1. Shape call for the range 495-562 from the C-alpha gyration tensor, a ≥ b ≥ c root eigenvalues: rounded (a/c under 1.5), prolate (a/b greater than b/c) or oblate?
2. I'd like the accessible area for T127: 1.4 Å probe, protein heavy atoms, all chains in place, Å² to the nearest 10.
3. If you take the beta carbon distance between V519 and S81 as r and set R0 to 60 Å, what does 1/(1 + (r/R0)^6) give as a FRET efficiency, to the nearest 0.05?
4. Can you give the net charge of the other residues whose Cβ lies under 13 Å from the Cβ of Q232, counting K and R as +1 and D and E as -1?
5. For the range 406-532, what is the accessible area per residue in Å², given a 1.4 Å probe and the full set of protein chains?
6. Rounded to a whole number, what % of the accessible area of the range 307-353 do carbon and sulfur atoms account for, probe 1.4 Å?
7. Roughly to the nearest percent, how much of the accessible area of the range 58-107 is carbon and sulfur, given a 1.4 Å probe?
8. According to the Cα gyration tensor, what semi-axes, each the square root of 5 times an eigenvalue, does the equivalent ellipsoid of the range 313-465 have, listed from largest to smallest in whole Å?
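The values are calculated or read from the model by the stated rules, or taken from the named source; none is laboratory data. Here the structure is a predicted model, which is why all the values come from computation and not from measurement. Cβ sites come from the backbone with ideal geometry, for glycine too, and all protein chains shown count toward neighbours. Heavy atoms of the whole protein, side chains included, go into the accessibility calculation; ligands, DNA and RNA do not. Shrake-Rupley method; radii C 1.70, N 1.55, O 1.52, S 1.80 Å.
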Amino acid sequence: MGGFEDDEPPSKRARASSVEPASLSDSSFYLKSANPLGGTMARPLTSQGKEVMVGSKGVIKRDEFVRIITKSLYTLGYEKSGAILEEESGITLHSPSANLFRKQVLDGNWDTAVITLNTLGLLDENTVKSAAFLLLEQKFFELLRNGNLMGAIKTLRSEISPLGVNRKRVHEMSSCIISSSENVLLGFSKLGIEYSNSRFKLLEELQKVLPPTVMVPEKRLENLVEQALTVQREACYLHNSIDGLSLYIDHHCGKDQIPSQALQVLCAHRDEVWFLQFSNNGKYLASASNDKSAIIWKVDEDGEILLKHILNGHEKAVMMVAWSPDDCQLLTCGMEEAIRRWDVESGKCIHVYEKTGLGPMSCGWFPDGKQILSALTDHSLCLWDLDGKQADCWRGQRSSKTSDFAVAKDGKLIISTNRDSTILLFNRDTKQERLIEEEDTITSFSLSEDGDFLLVNLINMKIHLWNIRNDPLQVKQYTGHKRCRFIIRSCFGGSDQAFIASGSEDSKVYIWHRGSGDVIETLSGHSGAVNCVSWNPTNPHMLASASDDHTVRIWGVKKAAAKHRYPGSSSSSNGTHMNGSANGNGFVNRCNGSRGK
């Protein structure tokens, strides 16, 4: 190893008349009718229960419970079922006034809707004004769209402005009066809606303003269920399940969901394996070795790891690999020698990157996939276009033997070690520099998927977790692994990256719970230092480790059925698969890595 140093309603649900009421007293006409959106005049049945509360703990109000179920049925399109539930339970989804209000909104009867709004029993004047503003705003844009400019101006001046609500929006509406019809459509777009279904969207917006006792919020039942599942998931200490949470049982993950069984041992390398990394889509694995080669492995549909290409051409040990954002290309970095870019499908070398008198120490891709970055032996960071032209270079940023760096997904933040115990966070746009000051020499680090956390390995056998969203803050420490001489790498992994894994010089793989810092698994099987680990980003049940024993081990969860055997693999005494020459047909595909033009 390299030394450090998801039918019409029943006839009883007759649709409400479209005749507008002459006064509020006429609204009693609507109490005998309803619409498909809910609100049948329910008739209490003799079978109706008298319980006010339901549930074993007596904390759920029966009428609210029934209403959100009814609402969910209508939302799902089960209008007959919703109507039957209202009738059988004797609990209406909405009051007669609320049903009338909803119908007026959908029919575009804005003036009568404003009148009905004031009969809904709203006590908060601000709520009434906010709801009236939404109604009149819709009226305004529909008048404009229909070419009624004077009507729109009158609505804005005499109805909307006196409300004294959302002055900024009123100014935006004023600008639409002197503009083309395109600005009318813009007005709807600013609401996040399309004209064709804007009234339905308006109802959703009104539901956010009006009390839930007046209008039951959309998808309330779904939201409650999602909240319950989220609470269960967050309470699951070892959550690492591939399958979604079930509504049938309470959720709980045990240690059997942590990849702790050695399912395969990959033996194609002839020397120490220093680095490995799964592709972004989780369909490939690449490994780098002191044998001057890199290997691309394919993750089969059943989870088998099959050898795809052996990449030869480096004159020195291959220190690391880096996948392109689209996983179609791979970079390999020869120690202080050259960087090679490979086509993953064919295994051919596309380009060789060299700098006279200097050697690369690491390599990586910019998020756009159009440029690559490398740390060089003169402690500089260089940015190259794919054709090899140097695009940028940051000199004097580093004075450390550690060559690790990371680039945020937006391409703005570059993270690198600039001294042995200091990490520099450099913003390319603002030129702002932030520093992480560590307690000891840094040997390696890795960036979380969301870009907010940095995992830092130290020479003193500690791993620190830093929050770098704002000012850097150390939030957790992980210990227990061994490191004396070599560069040992760690990684985030598992479902929502809830775990930390690391190699160790005692030939083991250590897995910690990210939140608590507790060691939850120690994986034995390697016979040499474990230099690097990589967790499959799309399969939380797959973890890979690279070792000085010349092998790569694939760790997974226990399987009920025995693994399928394939050409070129054999079974070892512990039931793992020894693989070094399988390409689905028993042949090894060797690539010489000759220079691309």
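1. oblate
2. Spelled out: T127, probe radius 1.4 Å, area about 30 Å².
3. 0.70
4. Counting the neighbours of Q232, the net charge comes to -2.
5. Values: 4940 Å² over 127 residues.
Solvent-accessible surface per residue comes out at 39 Å².
6. Working: 700 of 1450 Å².
For the range 307-353, the apolar C and S fraction of the accessible surface comes to 48 percent.
7. Carbon and sulfur together cover 55 percent of it.
8. Working: eigenvalues 121, 57, 48 Å².
Equivalent ellipsoid semi-axes, largest first: 25, 17, 16 Å.
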